[in-house]
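Okay, so here's the structure we're looking at.
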Amino acid sequence: MGQDTLVKRQFGHRVRLALSPAEVLKADRQAHAARTMWNLLHAWWRMMSKEKRTLGNADAAIRKAREDIDFLAALPAQAAQAVLKTYFQAWKNCWDGRADAPNFKGRIRTVMSVDIPQGRDLNIVRVHRRWGLVNIPKVGRVRFRWTKDLPVGKHANAENRITGARLVKDALGWHIAFRVQALDVLPAPHQGPEVGIDVGVTVPIALSDGDTYEHDEWLTDREKAKLLRLEQSAARRKAHRKPGERTSRRLHHTYDQIAGLRAKAKRRAVDWQHQTTTAIARRYGTVVVEALAITNMVKSARGTIEVPGKNVAQKSGLNRSISGEAWGRTAAMLAYKTARHGGTLHKVPAPGTSQRCSACGHTTPGSRESQAVFVCKNPDCGWSGNADHNAARNVLHLYRMGLALVPAAGRAVVRRAKRVKPATAR
């Protein structure tokens, strides 16, 4: 096997940690120390002149801060260095025009996280079919859910290894995101068929060959009732709070329960998207989707005082449904999964795909009589069928007519796949 058939791949794998209350407290202290370190760096940056804003001076400043402030010692030295590098990289991104200028991090709205820059410090061991052990500096050996084979032990080498990790806390608890580097075999060109995809709210994914991928509600009826009860309770407690009064612990606990239910719904949605996009990438060699301007689609219809909007409540509900389906995340998953299986993902212009008849090519604004039915208004045609499948066939038609935009897959992968096609054909 030649070296040119291998490709280096870097990706992240996030799993849930099983921490005891004492370990949760240690992780929380590290996260708050990391946030405080960031704020101290930002304050130091604002006080120093441009000539003194160097990496060496900043390193000396954080070392001095770790000696003077006791609770900063909860943060490992390497994690403190990672905060320093991240802060300077944030300014570089700002100067290059890729992001806004860094600012102070608040205690409430900031995501609690701690970086573990060295992968060799993790000492990962698989102890069970569903569980593994990882070493977290100044926390100890903790269990995590084993949901994917990782390059550890005898399977790890210079090309296949874990380069680091990051602890992240969300509404469901503490997670660890591994940074994995792997050397994979370049996949052969996928010989599967072409397919067009139409995304929607009522039918999440409709394919041009007539198949559909649908899902149930992300929360059960009991969970939805609990969520509604918690939201009403939070609204009542917030209404009785006096101006300037601090939020009570009971209200904070209610907010945490609401966030936990919403995080559970998102986790189920992401899991469904992963399973669906993997099945599509394995089955089809060329996948075509619409280049949707989702940000413009979910804009509010409220309008202004002079020109108020119409059907504001209905538009707000539609915006929530569109955001809940996360079409952009589906396209992003399809992009890297099709490339991993040797296929390609293409995007075509979206206007007109739901109004054009896939049988005769006639376009009429009123052809889509309902959400599910398409009836061609051309007297010589009169074709009728499912509106979502009709739009998916039009998406595939645009690609076959040569109207595809820049492929969403990586350019290197596309070029290599084209280079080996003649050999495959012979």
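The values are calculated or read from the model by the stated rules, or taken from the named source; none is laboratory data. Predicted, not measured: the structure shown is a model, and the values here were computed from it. Cβ coordinates were reconstructed from backbone atoms using ideal geometry, including for glycine residues, and neighbour counts include every protein chain displayed.
What number of residues within segment 220-259 satisfy the criterion of being of a type in the set (Ser, Thr, Tyr) and either touching a residue at least 12 places away in the same chain (Cβ under 8 Å) or touching a strand residue (DSSP E or B) at 6+ places or on another chain (Cβ under 7 Å) (or both)? Show your work before the answer.
Kept after step one, since they are of a type in the set (Ser, Thr, Tyr), are these residues of segment 220-259: 220, 233, 247-248, 254-255.
Going one step further and asking which of them are either touching a residue at least 12 places away in the same chain (Cβ under 8 Å) or touching a strand residue (DSSP E or B) at 6+ places or on another chain (Cβ under 7 Å) (or both), we end up with 233, 254-255.
Count: 3.
Does Lys92 satisfy the condition of being surrounded by fewer than 15 Cβ atoms within 10 Å (Cβ to Cβ) and over 28 Å from His32 (Cβ atoms)? Full working, then the answer.
Details: surrounded by fewer than 15 Cβ atoms within 10 Å (Cβ to Cβ): yes; over 28 Å from His32 (Cβ atoms): no.
Spelling it out, it is not the case that Lys92 is surrounded by fewer than 15 Cβ atoms within 10 Å (Cβ to Cβ) and over 28 Å from His32 (Cβ atoms).
State all residues of segment 44-96 that are free of Cβ contacts under 8 Å to residues at least 60 places away in the same chain and among the small types (Gly, Ala, Ser); if no residue qualifies, say none.
Ser49, Gly56, Ala58, Ala60, Ala61, Ala65, Ala73, Ala77, Ala79, Ala80, Ala82, Ala90 - these are the residues of segment 44-96 that are free of Cβ contacts under 8 Å to residues at least 60 places away in the same chain and among the small types (Gly, Ala, Ser).
Please name all residue pairs, on different chains or six or more residues apart, with Cβ atoms under 6 Å, provided the first residue is in segment 193-219 and is over 25 Å from Gly402 (Cβ atoms) and the second residue is polar (S, T, N, Q).
Val201/Ser321; Thr202/Gln371; Val203/Thr212; Tyr213/Thr276
Select from segment 72-113 the residues that are touching a helix residue (DSSP H, G or I) at 6+ places or on another chain (Cβ under 6 Å) and of a type in the set (D, E, K, R) and list them in ascending order.
Lys105
Select, from Val114, Val195, the only residue that is in a strand (DSSP E or B), over 30 Å from Val289 (Cα atoms), under 26 Å from the mean Cα position of the chain (by Cα) and of a type outside the set (D, E, K, R).
Details: Val195 fails: over 30 Å from Val289 (Cα atoms).
Going through Val114, Val195 in turn, the sole match is Val114.
Please go through (1) under 25 Å from the mean Cα position of the chain (by Cα); (2) crowded, with 17+ Cβ neighbours inside 10 Å; (3) among the β-branched types (Val, Ile, Thr); (4) at pLDDT below 90 for Ile62 and return the number of the only condition it doesn't satisfy.
That leaves (1) as the condition not met.
Can you spot a residue in segment 145-157 that is without any contact (Cβ under 8 Å) to a residue 12 or more places away in the chain, under 25 Å from the mean Cα position of the chain (by Cα) and under 30 Å from Thr286 (Cα atoms)? Before the answer, list the steps.
The initial filter retains those residues of segment 145-157 that are without any contact (Cβ under 8 Å) to a residue 12 or more places away in the chain, namely 149, 154-157.
Then keep just the ones that are under 25 Å from the mean Cα position of the chain (by Cα); that gives 149.
Narrowing further to those that are under 30 Å from Thr286 (Cα atoms): 149.
Yes: one or more hits.
Tally the residues that are assigned to a loop (DSSP other than H, G, I, E, B) and either closer than 23 Å to Thr338 by Cα or not assigned by TED's automatic domain parsing to the domain that holds Ile124 (or both), restricting the search to segment 160-188. Give the derivation first.
Going residue by residue through segment 160-188, those that are assigned to a loop (DSSP other than H, G, I, E, B) are 160, 171-172, 186-188.
Keeping just the survivors that are either closer than 23 Å to Thr338 by Cα or not assigned by TED's automatic domain parsing to the domain that holds Ile124 (or both) gives 160, 186-188.
Total meeting the criteria: 4.
Results for (1) β-branched (Val, Ile, Thr); (2) under 26 Å from the mean Cα position of the chain (by Cα), shown as yes or no for each residue.
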{"position": "Asp70", "(1), (2)": "no, no"}
{"position": "Ala74", "(1), (2)": "no, no"}
{"position": "Thr86", "(1), (2)": "yes, yes"}
{"position": "Lys92", "(1), (2)": "no, yes"}
{"position": "Asp96", "(1), (2)": "no, yes"}
{"position": "Ala99", "(1), (2)": "no, yes"}
{"position": "Gln118", "(1), (2)": "no, yes"}
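Among the listed residues Arg282, Arg236, identify the single one that is on the phi < 0 side of the Ramachandran plot, assigned to a helix (DSSP H, G or I), modelled with pLDDT of 90 or more and surrounded by fewer than 13 Cβ atoms within 10 Å (Cβ to Cβ). Can you show your working first?
Numbers: Arg282 fails: surrounded by fewer than 13 Cβ atoms within 10 Å (Cβ to Cβ).
The unique qualifying residue is Arg236.
For segment 26-59, which residues satisfy the criterion of being more than 35 Å from the chain's Cα centre (by Cα) and either assigned by TED's automatic domain parsing to the domain that holds Ile136 or aliphatic (A, V, I, L, M) (or both)?
Across segment 26-59, the qualifying residues are Met47, Met48.
How about segment 99-149: which of its residues are at pLDDT 90 or above and over 22 Å from Phe178 (Cβ atoms)?
Result: Asp100, Ala101, Pro102, Asn103, Phe104, Lys105.
For segment 19-28, indicate whether the set of residues that are part of a helix (DSSP H, G or I), out of contact with any strand residue (DSSP E or B) (no Cβ under 8 Å at 6 or more places or on another chain), crowded, with 16+ Cβ neighbours inside 10 Å and hydrophobic (A, V, I, L, M, F, W, C) is non-empty.
No, every residue in segment 19-28 fails to be part of a helix (DSSP H, G or I), out of contact with any strand residue (DSSP E or B) (no Cβ under 8 Å at 6 or more places or on another chain), crowded, with 16+ Cβ neighbours inside 10 Å and hydrophobic (A, V, I, L, M, F, W, C).
I'm trying to understand the selection: among the residues of segment 97-120, which are assigned by TED's automatic domain parsing to the domain that holds Ile62, without any contact (Cβ under 8 Å) to a residue 24 or more places away in the chain and not small (Gly, Ala, Ser)?
If the condition is that a residue be assigned by TED's automatic domain parsing to the domain that holds Ile62, without any contact (Cβ under 8 Å) to a residue 24 or more places away in the chain and not small (Gly, Ala, Ser), then Arg98, Asp100, Ile108, Arg109 are the ones that fit.
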